[in-house]
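Note sheet for the following structure.
Rule-based calculations on the coordinates, nothing more; no lab input. Quick caveat, the model's predicted, so the values are computed rather than measured. Reconstructed Cβ throughout: ideal geometry from the backbone, glycine too, with neighbour counts over all protein chains shown.
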Amino acid sequence: MSDASDQKNPVMEALAEAPVTSAVAVAGHPLHAMSVHFPIALVIATLGCDVFFWWTGDLFWVRVGVWSSGFAFATGVAAGLVGTAELLIVPGIRSRVASWTHAIAAVMLIAIVGTNWGLRLVDPGQVLPHGLMLSVLASLFTGLAGWHGGKLVFDHGIGLIISGKD
């Protein structure tokens, strides 16, 4: 009598055979993995600016928050374009549900960060409370998108380029 776990699943076998190496890389280094650090740091920096403005009332933090949220949005869009290219070009990435979860969370994050920047450009006086709330929400989505992105790399090996020397 055979156990159900002993049987091969042809769908999972085909999925495991699909290529998952990065198609958008420089010298073997995936650009998406290298570029996400900037928007992540800038989203957290924007939250820090809002907290410091709330704490001190110094308008310096409002000005810095405009710049950090703007650069978070710009670098997030750039990282998102590279990630989207990876998603659409590499069949092994595109066929995994976790890739789409990461993509949706990242697009939501970019939308939140863009809204946060736009709010600051139009009316800097709205930093408290609306900008702070958007910064908190952006930080939560940064964690969510980062969690799913990390799972793709560490659990599925997405984007890793393994050479014959390794």
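Some observations on this one:
- Entry note, the chain: relative contact order of 30 percent, from Cα contacts under 8 Å with a spacing of 6+ residues.
- Computed magnitude of the charge dipole of the chain (debye, nearest 20; Cβ of K, R +1, Cβ of D, E -1): 300
- Long-range HN-HN contacts of V20 with modeled amide H, under 5 Å: none
- Couplings 3J(HN,Hα) for segment 68-81, derived from phi with the Karplus relation 6.51 cos²θ - 1.76 cosθ + 1.60 (θ = phi - 60°), are 5, 5, x, 6, 4, 5, 4, 6, x, 4, 4, 5, x, 5 Hz, where x marks Gly and Pro.
- Between 0 and 90°, nearest 10: helix 37-56 axis offset from the chain longest Cα axis: 30
- Taking amide H as placed 1.01 Å from N in the peptide plane, A25 has its amide H under 5 Å from the amide H of L31, each at least 5 places away in sequence or on another chain.
- Degrees between helix 130-156 axis and first principal axis of the chain (Cα, 0 to 90, nearest 10): 20
- Summary of packing: across the peptides 95-101, 130-136, the per-residue average of other C-beta atoms within 10 Å ranks them, highest first, as 130-136, 95-101.
- Checking (i) -0.58; (ii) -0.46; (iii) -0.33 against log10 I(q)/I(0) by the Debye sum over Cα atoms at q = 0.10 Å⁻¹ calculated from these atoms, the matching label is (ii).
- Note that segment 97-106 has calculated 3J(HN,Hα) couplings of 4, 4, 5, 6, 4, 4, 4, 5, 4, 5 Hz, one per residue in order, obtained from phi through the Karplus relation 6.51 cos²θ - 1.76 cosθ + 1.60 (θ = phi - 60°); glycine and proline are x.
- Efficiency of FRET from Cβ geometry, L81 and F60, R₀ 41 Å, rounded to 0.05: 0.80
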